[in-house]
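Okay, handing you the structure first.
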Amino acid sequence: MNTQFSVSPENKPIFIALGFTLVIILIGTGYTLITQGAAPMLMPSYLAQQLQIGAFLGVCAAGMMMVILLGHIDLSIPWTLTAAAMMATTVGGPWAIPAGLAVGLIVGLFNGLGVSVLRIPSMIFTLGVDTALRGLMVAHTGGFAPQTEATPLMRFLAADRVLGIPVALFVWAGVSIAIAGLLSRTGFGKAVYATGAKESAAFLSGIRTKWVIVGAFMISSLCAATAGILLAGYSAKAYQGMGNPYLLPAIAAVVLGGTHILGGRGRYIGTLIGVILIVFLNSVLSIMQMPEAVRQIIYGTVIIGMLLVYGRETTSRN
């Protein structure tokens, strides 16, 4: 009796990303054992710290996945994150977090309407929105870091621990459960996959594709705003350009996790593993003292490589 183990095409990238994650951890552990005589990457406290920092990226990537599933891209993430953090710290008090989230909802609504109603390519429209937000925030702060601080609640959510576990991980877990449930158990989630696979066919089948696109962009911006509020709490303040380091890693995490960058296919568990891969990759590169330029080259190479893989898969199917 022959037993053959096979992995479905949808799950294959997830297993590959998981394998790369384990390889990265082994490389980092081996390097620290040789150079330092210790293995901090295997210590629970170190892992918790890295995942706490990775929670900000994880929340961004969760929202980015919703847009990429539609075959679009959201390049307004950096300054949506920054604007939400700045407005939250500016308003302060009990309205700080609602003010930051409101920024995300407004930006997402504007992005969604521009892409779905005006039919402007998402890459162009969201890049324009990102630039406009940067100008607004520079005008708001006068070009300097705002002289404001995060509220105690923001600091608790981002920097404190409960039972030894960073609270930011609970926030990331909550966002993950919400996104995974939305995609797998709701009509909106099914509409996202259908619209991403072929928008015209989804429209003809009765799906209100314009509002699906608007909803996905609102979720993306809301997640970016949430990450901005957390990051401001972790840093105790907001500052210019705080969202810039999160755009390429968020895209890379989604693509590494197997979400088709042209839309219609992907699972949230893949994005989750992709984020963890990026977090540990950053950790190892930091241990090896790799410059930021090298990290950006790696992210760009990963995205291009996955695009080439998807292109070959599409050609072979056709």
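The values are calculated or read from the model by the stated rules, or taken from the named source; none is laboratory data. Not measured: the values here are computed from a predicted model. Because the Cβ atoms are built from the backbone with ideal geometry, glycine has one as well, and the counts that use them run over all protein chains shown. Quick note on the areas: whole protein, heavy atoms, side chains included, nothing else; ligands and nucleic acids left out. Shrake-Rupley method; radii C 1.70, N 1.55, O 1.52, S 1.80 Å.
Return yes when Thr80 is part of a helix (DSSP H, G or I) and in contact with a Lys or Arg (Cβ under 8 Å, 6 or more places away or on another chain) and no when it is not.
It is false that Thr80 is part of a helix (DSSP H, G or I) and in contact with a Lys or Arg (Cβ under 8 Å, 6 or more places away or on another chain).
Which residues, counting only those in the stretch 167-200, are in contact (Cβ under 8 Å) with a residue 12 or more places away in the chain and β-branched (Val, Ile, Thr)?
Once the filter is applied, which keeps residues that are in contact (Cβ under 8 Å) with a residue 12 or more places away in the chain and β-branched (Val, Ile, Thr), the stretch 167-200 yields Val171, Val175, Ile179, Val192, Thr195.
Continuing with the same structure: Spot the failing condition for Ile219; the list is (1) open to solvent by 20 Å² or more (accessible area, probe 1.4 Å); (2) β-branched (Val, Ile, Thr); (3) more than 14 Å from the chain's Cα centre (by Cα); (4) at pLDDT 90 or above, and only one is missed.
With respect to (1) open to solvent by 20 Å² or more (accessible area, probe 1.4 Å); (2) β-branched (Val, Ile, Thr); (3) more than 14 Å from the chain's Cα centre (by Cα); (4) at pLDDT 90 or above, Ile219 is out only on (3).
Which of the residues belonging to the stretch 135-187 are crowded, with 16+ Cβ neighbours inside 10 Å and either closer than 18 Å to Leu69 by Cβ or of a type in the set (Phe, Trp, Tyr) (or both)?
Trp172, Val175, Ser176, Ile179, Ala180, Leu182, Leu183
So, one more: Assigned to a helix (DSSP H, G or I) and either acidic (Asp, Glu) or surrounded by 20 or more Cβ atoms within 10 Å (Cβ to Cβ) (or both): is that true of Ala48 in this structure? Spell out how you get there, then give the answer.
Values: assigned to a helix (DSSP H, G or I): yes; either acidic (Asp, Glu) or surrounded by 20 or more Cβ atoms within 10 Å (Cβ to Cβ) (or both): no.
Considered against the rule, which asks whether it is assigned to a helix (DSSP H, G or I) and either acidic (Asp, Glu) or surrounded by 20 or more Cβ atoms within 10 Å (Cβ to Cβ) (or both), Ala48 comes out as no.
Could you check, for the stretch 295-313, whether at least one of its residues is closer than 21 Å to Asp74 by Cα, open to solvent by 60 Å² or more (accessible area, probe 1.4 Å) and either assigned to a loop (DSSP other than H, G, I, E, B) or modelled with pLDDT of 80 or more (or both)?
Yes - at least one qualifying residue is present in the stretch 295-313.
Yes/no per residue for (1) polar (S, T, N, Q); (2) open to solvent by 40 Å² or more (accessible area, probe 1.4 Å); (3) closer than 29 Å to Ala201 by Cβ:
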| residue | (1), (2), (3) |
| --- | --- |
| Gly108 | no, no, yes |
| Gly112 | no, no, yes |
| Arg119 | no, yes, yes |
| Leu133 | no, no, no |
